[in-house]
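Structure first, then comments.
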Amino acid sequence: MPKDHHITIEGKRWLLRFTALKGDASGWTFFDGAANPRILIDENARGWSRVETILHELAHAALGPNISEEAITELARVQRRVLAMLYTMTPKE
């Protein structure tokens, strides 16, 4: 069953849904004009791969459809690496 969340990016309300996806992609961003923007994340993605996919799709949503896939991918990878580094530096409670 899909898990829905709503987030606001650049003043626009987006649906963020964790659901089963077909094919090889771990996530998709659909702009659909201003009416129904949504981000779909594969519910089976786990760990840092899931984090990177979320960051990747959020970058698409925030930066728009005209940024290259390579730039979006690199941005998400860098952000994931920094978060992982910070996470390992945080004392466990």
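Derivation of every value follows stated rules applied to the coordinates shown; laboratory data play no part. Just so it is clear, the structure is predicted and the values come from calculations on it, not from any experiment. Glycine also receives a Cβ, built like all others from the backbone with ideal geometry; neighbour counts cover every protein chain displayed.
In a fully extended conformation the segment linking Ile9 and Ser68 would gain 19.3 nm over its present Cα-Cα distance, using 0.36 nm per residue.
Most tightly packed first, judged by the mean number of other beta-carbon atoms within 10 Å of their residues, the peptides 2-11, 22-31 read 22-31, 2-11. Ordered from longest to shortest, the equivalent ellipsoid semi-axes for the chain are 23, 16, 14 Å, each the square root of 5 times a Cα gyration tensor eigenvalue.
Relative contact order for the chain: what is it in percent, counting Cα pairs under 8 Å that are at least 6 residues apart?
Reported relative contact order: 21 percent.
Over the chain, DSSP H runs of length four or greater, each weighted -39,500 (n - 2.57), average out per residue to a 222 nm ellipticity of -14000 deg cm²/dmol. Taking Cα atoms only, the orientation of helix 47-63 departs from the longest principal axis of the chain by about 40 degrees.
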